[in-house]
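These notes concern the structure reproduced below.
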Amino acid sequence: MANFPTHIVVGTIVAGTLATLTLAADVIAPENLVAVTLAGSLGSVLPDIDLKDSRPSRALFAGLAVFFSFALLFHFAPRLSIAEMWILWLGSLLFVRYGLHQTFHRLTNHRGVWHSWIAGLASAFATVLIFYYVFDRPDGVAWLAGGFLFIGFLTHLILDEIYSVDVLGNHIKKSFGTAFKPFDNRNKLGSALMGAAAVALLIVTPPMTTFFGGLTSRPMWTALNDRLLPKDIWFAGMVPHRAIAATPSAAGTPSATGSLPSATEAPATATQTPATP
Ligand SMILES: [Zn+2]
């Protein structure tokens, strides 16, 4: 199993790379881009939510607790006194962080149904709903966030599966085949419930026509293909034109790699040292 930092790093790189594509395609406003990328990072740690007392699980429940307590607070704030708002906020925060966390772990096994494609789909549809109804984003952005979460989720499952092949020894660990699965064969009831939850969530999601239309737009893909590589010099767009013309060619200059000085350089530095007061 890959560890938490590995999952976060790989998930964020995958999500960031895709986010760059969507920016180039001009399908999303820059202010939505960060939130969508974060959905991808979240997806890349979500499958380990069932790992008892793990960092991802604690962090996820802490995050969920903050999210739900504020969502409730914002919703009811206009009708409550300050004391009531304190009680509501703290109560819902503690309920999710400790109450739900405990109950959740009593009901789940690690690498169980949460480590499957259907859980990824259910989480993706839930993300679409949250972006659409709670964050008030357009349906195209909501579906893009759901798509990013799902890709992050699958990245996690694939990474875990890769880690179950021992890189040095040639043998395959016992966990091979348990990470990347459509549903949990050992827990048929849990899988059926997760499937039902995914279908129920899908039914209430906003229409995906904008998202699908954008994804299948031929001019967009042509434009992306056109812009994939620079026309002449790399990063020329970042430097003013005159500066490029004036910059001498970097070829032939020794590269400073920060390694030990070579044999010819070493005596020179040694003779310089005594001169320093
Ligand atoms: Zn995992």
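Side notes on the structure shown:
- Computed lengthening from Ala59 to Leu193, 0.36 nm per intervening residue step minus Cα-Cα distance: 45.7 nm
- Simple label model, 7 Å out from Cα along Cβ direction - Ala24 to Asn109, nm: 4.5
- Selection among Thr12, His101, Pro56 by position relative to the dipole of the range 1-136 gives His101 as farthest towards the positive end (Cβ unit charges, Cα centre).
- 5 angstrom amide H check on Lys181, placed H, neighbours 5+ away: Trp117
- You can think of it this way: the chain between Leu90 and Ala77 has 3.3 nm of extra reach, that is 0.36 nm per residue less the Cα-Cα gap.
- FRET efficiency, 1/(1 + (r/R0)^6) with R0 35 Å, evaluated for Asn225 and Lys52 via beta carbons: 0.15
Bear in mind that the values in this text are calculations on the coordinates, not laboratory data. Predicted, not measured: the structure shown is a model, and the values here were computed from it. Methodologically, a virtual Cβ is constructed for each residue, glycine included, from the backbone with ideal geometry; neighbour enumeration extends over all protein chains shown.
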